[in-house]
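Down below is the structure, laid out as structure tokens.
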Amino acid sequence: MAATDSAPESVPSGGAPPPPSSVQHPRRRWQCVLSFTAARDRFLRRRFLSAGLRPFSVRLPSPAGTTTVVHVWAPPRPSRRPVLLLHGFGASATWQWGPYLAKLLAAGFDPVVPDLLFFGGSSSMVGDRTDTFQAKTVKAAMDAMGVRRFAVVGVSYGGFVGYRMAAMYPEAVERVVMVSSGVCIEEDDLAAGLFPVADIKEAAELLVPRRPEDVRRLVKLTFVRPPPIMPSCFLKDYIDVMGSDHIQEKTELLHALISDRKLSDLPKITQPTLIIWGEKDQVFPMELAHRLERHLGENSRLVVVKNAGHAANLEKSKEVCRNIVEYLQEPLPNASTAGKVPTACSVSVYESTRHYRTIQKLSLT
């Protein structure tokens, strides 16, 4: 960090400097010179690489004149039990799933970790902002990789997408884990005061922060024990590096998700489902966890994480990961018929999430 003057000294129009007695010495303020956000992002990418995952970019068939690209981290040949990990709003997938890789791999699972559209390296020129379209694109990416049957774990917004995938593709999704994901929300709940926001516009301002004070408020709402000090320069750095792209598209995702949403329209998925929730979640209160459990009935199980908020997956990552691994290790009721259908395909592997430079072709079977 380096100290810089808040403004340069003024020079009279005649060109002569002011007399020493009249020179104003403005207060000095600290500014971030190094990007801690970019450094952490590099660290997390190395963590994924050291775990044996590699970055893929799958270009999907799209209507004429449009392009849809899904960026994915996965083992080069995901031949064991694939687990699809879907992130929530915030930074890219690497920021939310790093602590889970080692435990899942050690337990015999192959993590497949995509960036949802308009996060990280994934994007689309198609105007559809629904969770249905997100589900279709992720499923198409899984098909392109030759992964035909898998478990889904979704955090917050990722749970909305994962739930939709389970409803649309029951032959592919064998079981579901929902972490702090309020899929049973209704738009009327906002006006009823169930949430810290009163309407969709305020929800978008909270979940797609543009100013340091917005990030500060979001952190205080999502963590039971937020950092006591959050310097504005660090928060602005985070926004500049990780949160300044696709702001309009992310806002549209939230509008499409909540507008006219009703519980009566939510399909009842048939897969065994584990529901994990922080007991002090202020973004999606516990009422939504109980609502989802009632909606799914005996096919679901609820685990409440003590002293955790909406970001239970980060605050209590070891406990959440343990519950996920233990649940995925349980035998399926139809385990005799479960299994991945092997197919052959070819996908491009990209070294960078920003520049999509093809470095090799992998043939998956």
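Rounded, prolate or oblate: which fits the stretch 30-81, taking a ≥ b ≥ c as square roots of the Cα gyration tensor eigenvalues, rounded meaning a/c under 1.5, else prolate when a/b beats b/c? In terms of gyration-tensor shape, oblate.
Taking all protein chains as they are arranged and a probe of 1.4 Å, the heavy atoms of GLU171 leave approximately 110 Å² accessible to solvent. With an a/c value of 1.5 or above and a/b not larger than b/c for the gyration tensor axes a ≥ b ≥ c computed over the alpha-carbon atoms, the stretch 93-150 is described as oblate. Here is the list for the stretch 140-237: trypsin sites (Lys or Arg not before Pro) lying in DSSP coil, each with at most 14 other C-beta atoms within 10 angstrom of its C-beta, are ARG210.
Within the set LYS139/LYS262; LYS280/LYS316; LYS201/LYS316; LYS220/LYS262, which residue pairs have Cα atoms separated by over 19 Å? From LYS139/LYS262; LYS280/LYS316; LYS201/LYS316; LYS220/LYS262, over 19 Å: LYS139/LYS262; LYS201/LYS316; LYS220/LYS262. Sorting HIS71, HIS310, HIS295 by solvent-accessible area of protein heavy atoms yields HIS295, HIS310, HIS71, largest first, with a 1.4 Å probe. Per residue, the accessible area of the stretch 185-265 comes to 55 Å² when a 1.4 Å probe rolls over the protein heavy atoms.
Accessible surface of the stretch 277-328, 1.4 Å probe: 46 percent of it comes from carbon and sulfur atoms.
Using a 1.4 Å probe over the heavy atoms of the protein chains, calculate the carbon and sulfur portion of the accessible area of the stretch 53-114 as a whole percent. On the stretch 53-114, the fraction of accessible area on carbon and sulfur atoms equals 59 percent. Taking a ≥ b ≥ c as the square roots of the eigenvalues of the alpha carbon gyration tensor, the stretch 243-312 is oblate, as a/c is not under 1.5 and a/b does not beat b/c. For LEU263, the solvent-accessible surface computed with a 1.4 Å probe is close to 50 Å², ligands and nucleic acids excluded.
As a test of understanding, state the convex hull volume per residue of the stretch 104-194 from its alpha carbons, in Å³.
129 Å³
Using bins of 10 Å that start at zero, the share of Cα-Cα pairs per bin across the stretch 130-275 amounts to 10, 34, 33, 19, 3, in whole %.
The values are calculated or read from the model by the stated rules, or taken from the named source; none is laboratory data. Only a predicted model underlies this, so the values are computations on that prediction, with no experimental measurement involved. Cβ sites come from the backbone with ideal geometry, for glycine too, and all protein chains shown count toward neighbours. Just so you know, the surface numbers come from the protein's heavy atoms only, side chains and all, with ligands and any DNA or RNA stripped out. Shrake-Rupley method; radii C 1.70, N 1.55, O 1.52, S 1.80 Å.
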